[in-house]
1. Only one of these conditions is not met by ILE46: (1) modelled with pLDDT under 90; (2) open to solvent by less than 60 Å² (accessible area, probe 1.4 Å). Which number is it?
2. If you scan the stretch 49-68, which residues turn out to be touching a Ser or Thr at 6+ places or on another chain (Cβ under 6 Å) and open to solvent by 80 Å² or more (accessible area, probe 1.4 Å)?
3. So, in the stretch 41-62, of the ones that are assigned to a helix (DSSP H, G or I) and over 29 Å from PHE11 (Cβ atoms), which residue ends up farthest from the chain's Cα centre (by Cα)?
4. Condition first: in contact (Cβ under 8 Å) with a residue 40 or more places away in the chain, exposed (fewer than 13 other Cβ atoms within 10 Å of the Cβ) and of a type outside the set (Ser, Thr, Tyr). Now tell me which residues in the stretch 69-93 satisfy that.
5. What number of residues within the stretch 1-32 are among the hydrophobic types (A, V, I, L, M, F, W, C), at pLDDT 90 or above and within 30 Å of ILE87 (Cα to Cα)?
6. I'd like to check something: does the stretch 25-37 contain any residue that is hydroxyl-bearing (Ser, Thr, Tyr), in contact with a strand residue (DSSP E or B) (Cβ under 9 Å, 6 or more places away or on another chain) and surrounded by 13 or more Cβ atoms within 10 Å (Cβ to Cβ)?
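The values are calculated or read from the model by the stated rules, or taken from the named source; none is laboratory data. Source: prediction; values computed, not measured. Glycine also receives a Cβ, built like all others from the backbone with ideal geometry; neighbour counts cover every protein chain displayed. Heavy atoms of the whole protein, side chains included, go into the accessibility calculation; ligands, DNA and RNA do not. Shrake-Rupley method; radii C 1.70, N 1.55, O 1.52, S 1.80 Å.
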Amino acid sequence: MKTQITKISIFQTAKFLSIMILPFSLIYTIIGLSMFFWGMGGFIAIFFIFAPLWFSLMYFVMFSIFALIYNFVASKIGGIEFELTEIADNEDI
């Protein structure tokens, strides 16, 4: 069965992906804290410490823009198409 994504929820998608980037950006906080405690690069260290917030904000804005563009283009030429296959439930798994 072929299916098309014709519309992406802008706020929900941006919110979800912004939260998903947080754990991956925590490494920058660790780097920033180590720079701060070792007395290296004052402003840069603070930028690294707050990187998860900056990254989440940037991801939210960029994915909102992407979803707007996707929704517009999908309404004109169609969305991403994929095929789904239904499988039987296996009780042994």
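1. Only one criterion is unmet by ILE46, namely (2).
2. Selection gives TYR59 alone.
3. Step one: of the stretch 41-62, the residues assigned to a helix (DSSP H, G or I) are 42-49, 51-62.
Pick out the ones that are also over 29 Å from PHE11 (Cβ atoms) and you get 42-46.
Numbers: GLY42: 29, PHE43: 26, ILE44: 24, ALA45: 24, ILE46: 23 Å.
Residue satisfying both the conditions and the ranking: GLY42.
4. Step one: of the stretch 69-93, the residues in contact (Cβ under 8 Å) with a residue 40 or more places away in the chain are 70-71, 74-75, 78-86.
Okay, now just the ones that are also exposed (fewer than 13 other Cβ atoms within 10 Å of the Cβ), so 75, 78, 80-86.
GLY78, ILE80, GLU81, PHE82, GLU83, LEU84, GLU86, listed by residue number.
5. Matching residues across the stretch 1-32 total 4.
6. Residues of the stretch 25-37 hydroxyl-bearing (Ser, Thr, Tyr): 25, 28-29, 34.
Still in the running and in contact with a strand residue (DSSP E or B) (Cβ under 9 Å, 6 or more places away or on another chain): none.
For the stretch 25-37, residues hydroxyl-bearing (Ser, Thr, Tyr), in contact with a strand residue (DSSP E or B) (Cβ under 9 Å, 6 or more places away or on another chain) and surrounded by 13 or more Cβ atoms within 10 Å (Cβ to Cβ): absent.
Every residue, every condition in (1) of a type in the set (Val, Ile, Thr); (2) part of a helix (DSSP H, G or I); (3) out of contact with any Pro (no Cβ under 6 Å at 6 or more places or on another chain), yes or no:
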| position | (1), (2), (3) |
| --- | --- |
| GLY39 | no, no, yes |
| SER64 | no, yes, yes |
| ILE69 | yes, yes, yes |
| THR85 | yes, no, yes |
